[in-house]
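*Asks:* Just dropping this structure here.
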Amino acid sequence: MFTGGCNLTCPFCHNGELVLNPQAYPDFPLDELLADLEKRQGFIDGVVVSGGEPTIDAGLPAFLAQLKQRGFEVKLDSNGLLPEVLDLLLERRLVDYYAIDIKTSPLRYSELHTHPVNAANLRRTVELLKQADVEVEFRTTCVPGLVEAADIEQIGALLRGAPLWVLQQFVATYAMVDEWQDLQSHSSARLEEFARCAENYVAKVELRGL
């Protein structure tokens, strides 16, 4: 399930229209959606909620509660910039697996939006989820220029002690900003170097998309 809108405008985002122009996509009626999921019980056991940024939607907790009431497991994709929402979801046990995108070094987050970004919110989320009794992965898309060796070190310091950090390859094709579609992805060898560095900070490192 995808929600529209976001509190970032990352130039490398693959869901640019959903971020910038969510009104172009009509809402799927909730009753129909839940009825469709109920028909599929036994075939699917979980639902992923992504975006955009799901946590900016005020109806998210109620929607997730309805999924849980029907016996579905829930995975949530989020940028982690609204820790108060994530705290509420943790308290109500509405999510089984959190995937939190760490875009670059916290000090560089204002490069990802048209307004300044409060990176302290990201730090609060990381600390909250590192201590939570729930499955969580922190993941970083290794965008050239935004994620280099120094950024890996700084993200590592933020994630120190986390259970899982996923480094994934950047694919330029669908980047929201046209100029970013011309970026050359890091080589596999470069990502492997990043992974070796990341292993100094977290319990487990995975590489995806190589």
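The values are calculated or read from the model by the stated rules, or taken from the named source; none is laboratory data. Just so it is clear, the structure is predicted and the values come from calculations on it, not from any experiment. For neighbour counting, all protein chains shown are included, and Cβ atoms are generated from backbone atoms with ideal geometry for every residue, glycine included. Please note that ligands, DNA and RNA were not included when accessible areas were found on the heavy atoms of the full protein model with its side chains. Shrake-Rupley method; radii C 1.70, N 1.55, O 1.52, S 1.80 Å.
*Asks:* As an exercise: evaluate Asp87 against (1) more than 17 Å from the chain's Cα centre (by Cα); (2) open to solvent by 40 Å² or more (accessible area, probe 1.4 Å); (3) more than 19 Å from Thr140 (Cβ to Cβ) and give the number of the one condition it does not meet.
*Replies:* Condition not satisfied by Asp87: (1).
*Asks:* Let me ask something else about it. What's the number of the condition Leu107 fails, among (1) under 24 Å from Pro144 (Cβ atoms); (2) at pLDDT 95 or above; (3) open to solvent by 30 Å² or more (accessible area, probe 1.4 Å)?
*Replies:* Among (1) under 24 Å from Pro144 (Cβ atoms); (2) at pLDDT 95 or above; (3) open to solvent by 30 Å² or more (accessible area, probe 1.4 Å), the lone unmet condition for Leu107 is (2).
*Asks:* For segment 90-112, give me each residue that is over 19 Å from Val48 (Cβ atoms), within 16 Å of the chain's Cα centre (by Cα) and not small (Gly, Ala, Ser).
*Replies:* Here is the first cut: in segment 90-112, the residues over 19 Å from Val48 (Cβ atoms) are 91, 103-112.
Now restrict to residues that are within 16 Å of the chain's Cα centre (by Cα): 103-106, 109, 112.
Scanning segment 90-112 gives Lys103, Thr104, Pro106, Tyr109, Leu112.
*Asks:* Still on this model: Take segment 89-119 and flag every residue that is more than 26 Å from Pro11 (Cα to Cα) and either out of contact with any Gly (no Cβ under 9 Å at 6 or more places or on another chain) or among the small types (Gly, Ala, Ser) (or both).
*Replies:* Hits for segment 89-119 are Leu89, Leu90, Glu91, Arg92, Arg93, Leu94, Val95.
*Asks:* Mind counting the residues in segment 168-188 that are among the hydrophobic types (A, V, I, L, M, F, W, C), more than 13 Å from Leu146 (Cβ to Cβ) and touching a helix residue (DSSP H, G or I) at 6+ places or on another chain (Cβ under 9 Å)?
*Replies:* Quick first cut of segment 168-188, residues among the hydrophobic types (A, V, I, L, M, F, W, C) only: 170-172, 175-177, 180, 183.
Cutting the leftovers down to more than 13 Å from Leu146 (Cβ to Cβ) gives us 171, 176.
The next check asks that each one be touching a helix residue (DSSP H, G or I) at 6+ places or on another chain (Cβ under 9 Å); those that pass are 176.
Matching residues across segment 168-188 total 1.
*Asks:* Can you pull out every residue in segment 122-177 that is under 17 Å from Ala198 (Cβ atoms), open to solvent by 30 Å² or more (accessible area, probe 1.4 Å) and in contact with a Cys (Cβ under 8 Å, 6 or more places away or on another chain)?
*Replies:* Ala149, Glu153, Gln168, Gln169
*Asks:* Still on this structure: Would you check if Glu32 is of a type in the set (Asp, Glu), open to solvent by 10 Å² or more (accessible area, probe 1.4 Å) and touching a residue at least 24 places away in the same chain (Cβ under 8 Å)?
*Replies:* Numbers: of a type in the set (Asp, Glu): yes; open to solvent by 10 Å² or more (accessible area, probe 1.4 Å): yes; touching a residue at least 24 places away in the same chain (Cβ under 8 Å): no.
No, not satisfied.
*Asks:* Which pairs do you get when a residue that is closer than 8 Å to Ser105 by Cα, found in segment 141-156, comes within reach of a residue that is aliphatic (A, V, I, L, M) and open to solvent by 10 Å² or more (accessible area, probe 1.4 Å), reach meaning Cβ atoms under 8 angstrom, with the pair 6+ apart or on two chains?
*Replies:* Pairs that qualify, where the first residue is closer than 8 Å to Ser105 by Cα and the partner is aliphatic (A, V, I, L, M) and open to solvent by 10 Å² or more (accessible area, probe 1.4 Å), are Gln154/Leu107.
*Asks:* Among the residues of segment 178-210, what is the count of those that are open to solvent by 50 Å² or more (accessible area, probe 1.4 Å) and either free of Cβ contacts under 8 Å to residues at least 24 places away in the same chain or not polar (S, T, N, Q) (or both)? Don't jump to the end; show me each part of the working.
*Replies:* First, pick out the residues of segment 178-210 that are open to solvent by 50 Å² or more (accessible area, probe 1.4 Å): 178-184, 187-190, 192-193, 196, 199-200, 203-204, 206-210.
Narrowing further to those that are either free of Cβ contacts under 8 Å to residues at least 24 places away in the same chain or not polar (S, T, N, Q) (or both): 178-183, 187-190, 192-193, 196, 199, 203-204, 206-210.
Selection size over segment 178-210: 21.
*Asks:* Condition check: of a type outside the set (A, V, I, L, M), farther than 18 Å from Val177 by Cβ, touching a helix residue (DSSP H, G or I) at 6+ places or on another chain (Cβ under 7 Å) and in contact (Cβ under 8 Å) with a residue 40 or more places away in the chain. Does Asp87 satisfy that? If you could, list the steps in order and put the result at the bottom.
*Replies:* Details: of a type outside the set (A, V, I, L, M): yes; farther than 18 Å from Val177 by Cβ: yes; touching a helix residue (DSSP H, G or I) at 6+ places or on another chain (Cβ under 7 Å): yes; in contact (Cβ under 8 Å) with a residue 40 or more places away in the chain: yes.
For Asp87, the condition - of a type outside the set (A, V, I, L, M), farther than 18 Å from Val177 by Cβ, touching a helix residue (DSSP H, G or I) at 6+ places or on another chain (Cβ under 7 Å) and in contact (Cβ under 8 Å) with a residue 40 or more places away in the chain - is met.
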